[in-house]
Structure formats: C-alpha cells, structure tokens
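Beneath this line is the structure, given in structure tokens, with notes to follow.
The values are calculated or read from the model by the stated rules, or taken from the named source; none is laboratory data. The structure displayed is predicted, hence computed values, not measured ones. Using ideal geometry, Cβ is built from the backbone for each residue, glycine included, and neighbour counts are taken over all protein chains shown. Quick note on the areas: whole protein, heavy atoms, side chains included, nothing else; ligands and nucleic acids left out. Shrake-Rupley method; radii C 1.70, N 1.55, O 1.52, S 1.80 Å.
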Amino acid sequence: MSKVTEINHPLILHKLAFIRNKETGSKDFRQLVSEVAMLMAYEVTRDLPTENVQIETPICTATCKMLAGKKLAVVPILRAGLGMVDGILNLIPAAKVGHVGLYRDEETLQPVEYFCKLPQDIAEREVIVVDPMLATGGSAADALTMLKNRGAKYLKLMCLIASPEGIKMVKEAHPDVDIFVAQIDEKLNEHGYIVPGLGDAGDRLFGTK
Ligand code: PRP
Ligand code: URA
C-alpha cells in the first residue's frame with residue numbers, strides 16, 4: 001500500500017499560509033510555491049541510496065557518501081505543476097524533466113489529457129510527479145497511469161495540498177506509489193475545490209483569472 005507522508009514542517013507551514021492567502025499575488029505565489037517544492041524535495045529524496053567514495057581532503061583521505069542508484073526525473077502535471085519544477089531542480093540539478101498535460105473538465109471534474117513528453121529512459125529513472133493540488137485525485141491518478149503506460153516503474157507523487165478524498169483515490173488506483181504532501185486539508189467542496197485550499201493553483205500561478 002502507498003505510504004502517505006504529510007511533511008508538516010514549520011517553515012513549510014509558514015510559507016503555505018502566505019500561499020493560501022487570497023491577497024498574495026502571482027509573483028509572490030510563484031516564489032513561495034517554488035520554495036516549498038524545494039523544501040519538500042529534501043524529504044521526498046530522503047530514501048535515495050548512497051555509496052561510499054574515497055575523497056582526498058586537504059588533510060587526509062576520507063570515506064564519504066555520494067548518491068548511487070537510479071537517476072531522477074521530475075514530471076510536472078501541466079499547468080500548475082510547472083511552478084514546482086525549479087525549486088526541485090535547485091536541489092537536484094541533474095534531474096531530467098518530463099511533462100504531462102491534463103486539465104480538469106469543470107463540469108464533470110474528469111481529467112482530460114492533452115500532452116505527454118518524457119525523457120526517453122523514463123523506465124530506468126525514479127520519477128517524482130508534481131502538482132500543487134490533489135483534489136478529487138483524478139488528474140494525479142491519470143498522470144501516473146500515463147507514465148506507467150510509457151514504461152515508468154518507480155514513481156512518487158508530491159503535492160502541496162491534498163484532500164482526504166484525493167489521497168484515497170490515488171492510493172486505491174496506485175498502491176505502489178508513495179505520496180508526499182505538505183498539508184492535508186479538510187475536504188472538497190461541491191465544485192471539487194479543496195477546503196480551505198488555496199483556490200485555483202494554475203490561475204494564481206500564471207495570473208489567468
Ligand atoms: C488543477 C491542479 C491539478 C488538478 C487537481 O489543475 O493543478 O492538476 O486541478 O484536481 P483533481 O485532483 O480533482 O484532478 P487544472 O485542471 O485546474 O489545470 P491547470 O493546472 O492547467 O490550471
Ligand atoms: N484544482 C485547483 O487548482 N484547486 C483546487 O482546490 C482543486 C483543483
């Protein structure tokens with residue numbers, strides 16, 4: 001079964017409070033989303049394997065640890081996931097980036113696919129799928145299926161805010177995928193928005209409403 005980690009760190013919660021505030025404009029919203037993604041990346045990569053390497057310091061030979069194992073890929077769900085990519089790449093500059101395009105039909109709340117472009121060796125990479133919002137869970141579950149259909153095997157999902165309903169949906173559809181969220185909110189409203197949430201992440205990031 002998927003492991004769900006609510007990161008709940010004081011620095012992240014502080015920044016999330018600004019992100020949630022309706023008075024926060026696009027410029028600050030973008031900056032804060034990127035910062036929270038960077039802080040979350042620290043936790044999401046905690047289990048990466050390391051290997052011993054011998055390093056010559058100015059004083060002597062030291063046995064140090066360096067990353068070993070699979071290379072990483074970051075896959076944002078367009079559009080709003082784009083806001084998390086740079087923050088993660090600050091910590092993991094060698095990661096490749098794929099893109100999955102999905103939008104949620106406003107009437108049916110069902111995800112509609114419109115784009116998928118992935119690193120060609122995605123099957124060998126550990127993939128971190130990113131989207132600020134896990135609401136009904138439809139978009140994330142669909143994105144994970146799209147990735148699996150193209151060969152991806154080692155997947156994690158990282159979201160800023162999740163509803164209990166969205167977590168349940170992804171856990172059931174993809175029990176092999178661990179989920180990392182900064183904070184789990186109370187519920188969804190009748191329009192499928194997370195309560196209290198932050199509103200429409202894509203519109204707030206890109207200033208489209
Ligand atoms: C938002 C968000 C998620 C999705 C979550 O994207 O970024 O992708 O909704 O909702 P769900 O869990 O109910 O599927 P949206 O469809 O608004 O597209 P956008 O990022 O292009 O604005
Ligand atoms: N998409 C968003 O951007 N926000 C929500 O609360 C739900 C879906």
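Listed values, structure above:
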read-out: Cα centroid separation, the range 193-209 to the range 8-45 (Å); value: 14 Å
read-out: For the range 141-182, alpha-carbon Rg and Dmax in angstrom; value: 10.1, 28
read-out: For the chain, the longest site-free run once GluC sites (Glu not before Pro) in DSSP loop states with at most 13 other Cβ atoms within 10 Å are removed; value: 24-105
read-out: With all protein chains modelled, accessible area of Lys65 [1.4 Å, Å²]; value: 140 Å²
read-out: Dipole magnitude (debye, nearest 20) for the range 4-206, charges at Cβ of Lys, Arg, Asp, Glu; value: 440 debye
read-out: Sequence of Arg46, Arg104 when ordered by accessible area, the most exposed leading, probe 1.4 angstrom; value: Arg46, Arg104
read-out: Rough spin-label spacing in nm, given labels placed 7 Å along Cα→Cβ, for His191 and Asp47; value: 3.7 nm
read-out: Derived scalar couplings ³J(HN,Hα) [the range 106-119; Karplus, 6.51 cos²θ - 1.76 cosθ + 1.60; whole Hz; x for Gly, Pro]; value: 5, 7, 8, 6, 7, x, 10, 7, 9, 6, 7, 9, 10, x
read-out: Calculated from backbone phi, Karplus (6.51, -1.76, 1.60) coupling profile of the range 34-41 in Hz, x at Gly/Pro; value: 5, 5, 5, 4, 5, 5, 5, 4
read-out: For the range 4-206, accessible area per residue (1.4 Å probe, heavy atoms of protein chains only), Å²; value: 51 Å²
read-out: Positive minus negative residues near Leu147 (Lys, Arg vs Asp, Glu; Cβ under 15 Å); value: 0
read-out: Amide proton proximity set for Thr136, modelled H, under 5 Å, gap of 5+; value: none
read-out: Antiparallel %, DSSP beta bridges [both residues in the chain], to 5; value: 40 percent
read-out: 21 Å Cα-Cα threshold exceeded, pairs from Lys65/Lys156; Lys148/Lys187; Lys22/Lys168; Lys3/Lys148; Lys27/Lys168; Lys3/Lys153; value: Lys65/Lys156; Lys148/Lys187; Lys22/Lys168; Lys27/Lys168
read-out: Angstrom value of the Kirkwood radius, inverse mean 1/r, which spans all Cα pairs in the range 52-209; value: 16.7 Å
